[in-house]
Structures are given as structure tokens and as C-alpha cells.
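Please treat every number below as a calculation from the coordinates, not as lab data. Note that the structure is a prediction, hence the values are computed from the model and not measured. As a convention, Cβ positions derive from the backbone with ideal geometry for all residues, glycine included, and neighbour counts pool all protein chains shown.
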Amino acid sequence: MKIALGADHGGFQLKETIKEWLTEKGYEVLDKGTFDEQSCDYPDYGKAVALEVAGGKADRGVLICGTGIGISISANKVKGIRAAVCGDSFSARMSRLHNDANILALGQRVTGAGLALDILELWLNTSFEGGRHKTRVDKMMQIETDCG
Ligand code: RB5
């Protein structure tokens, strides 16, 4: 599975930890930056990862900023993206089972690295449930066409 990774300065350290973990587990990682802790703008990285996922160049994406909020809102502006900010394992599991989230967003200033890796592992290993949830996800994506 190929994972696109991105973070602003507020998520850089957790991105590096996640990159190492993913590589150790055998995932292919596409690192879209940022590459240091210089102040930068989270929408640039939210967009870069979202385009990789929406364009099919990555299977899933992981985005990190201080809270996970700004970078996920940015990613969700790209058609085809369902980015979910998760700070707990239950939300991470449900974002896959019910919402078919294709990007996980994390907040480095909110969630410790140990919990973030647990959340990530669960999120990567949980499949979409489909059925009635597919109808709802289809409706959600139709909003892009109706209101875009
Ligand atoms: C950067 O200081 C911070 O605003 C950013 O990382 C993020 O938390 C925004 O949502």
C-alpha cells in the first residue's frame, strides 16, 4: 500500500516518526513535505497529499499539523477526498468503517506519538463496511457535484 504523507512545521516531528514506522512495516511512503521545522502554510501540504490520493498515485494519505484541523479542512477541498481528524482509536476505526476516509489527519500538539501510531495502525487495517454506509458516502460525495 502506498501512503502519501504531509505536514506543516507543527506536524513535522510526528510526520518523521510516522514515516519511519510506515517504512519499517513495509509501506511505500510518498513524502510531500515539509522537510524541516521552518514555519510554513498547512494548506500547501494538505493540497499536495490530497492530489496524490485523489489522482490515484497513493492509496491513502496521512496529514499532520498542530491540531489536524487546518490541514484536513484544506485536503477536504479537493474532490474525492474524505479526510478525518482522529484523536482516538474509536473515531479512527469508525472513519474507515462508516465514512471510508481516505486521509487520516492527526494533531501533533494534541496526540502523543504512541497513541498516534496506534490510531494509524487501526486506521490502515480497517476496511470500509459498505452497505447502508455506501449510500451515505455516495450522497456525501454528490455534494461536490451539486454544490461545487
Ligand atoms: C500552525 O501554528 C498551526 O496553526 C497549524 O499547525 C494547525 O494547527 C492549523 O490548523
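Residue exposure proxy: I143, I18, ordered by other Cβ atoms within 10 angstrom of their Cβ from fewest to most, comes out as I143, I18. Once the GluC sites (Glu not before Pro) in DSSP loops with at most 15 neighbouring Cβ atoms within 10 Å are cut out of the chain, the longest remaining piece is 38-128.
Among residues other than G68 with Cβ under 13 Å from its Cβ, the summed charge is 0 (Lys and Arg +1, Asp and Glu -1). Applying D = kT/(6 pi eta Rh) to the stretch 18-142, where Rh is the Kirkwood radius over alpha-carbon pairs, T corresponds to 10 °C and eta to 1.306 mPa s, the Stokes-Einstein value obtained is 108 µm²/s.
Using helices alone, what [θ] at 222 nm do you get for the chain, with -39,500 (n - 2.57) per DSSP H run of 4 or more residues, divided over all residues and rounded to the nearest 500? Please report the intermediate quantities before stating the final value.
Working: 6 runs with 70 residues, N = 148.
Mean residue ellipticity, 222 nm, calculated: -14500 deg cm²/dmol.
Across S95, S39, S74, mean-square fluctuation computed from a Gaussian network of the chain (C-alpha pairs under 10 Å connected) peaks at S39. Ranked by how many other Cβ atoms sit within 10 Å of their own Cβ, fewest first, the residues R93, R132, R109, R60 fall in the order R132, R109, R93, R60. A Gaussian network model of the chain, with springs between Cα atoms under 10 Å, assigns the largest mean-square fluctuation among G11, G114, G61 to G114. Non-local lysine pairs in the stretch 1-92, meaning eight or more places apart or on different chains, with alpha-carbon distances under 22 Å, amount to 26.
Residues considered: N102, N125, N76. Largest GNM mean-square fluctuation over the chain, using C-alpha springs under 10 Å, is found at N125.
Summary value for the chain: 23 percent relative contact order, contacts being C-alpha pairs under 8 angstrom separated by 6+ residues.
Kindly put F12, F128 in sequence by how many other C-beta atoms sit within 10 Å of each C-beta, fewest to most. All intermediate terms of the calculation are to be shown ahead of the outcome.
Numbers: F12 21, F128 16.
Final ranking by Cβ density, sparse to dense: F128, F12.
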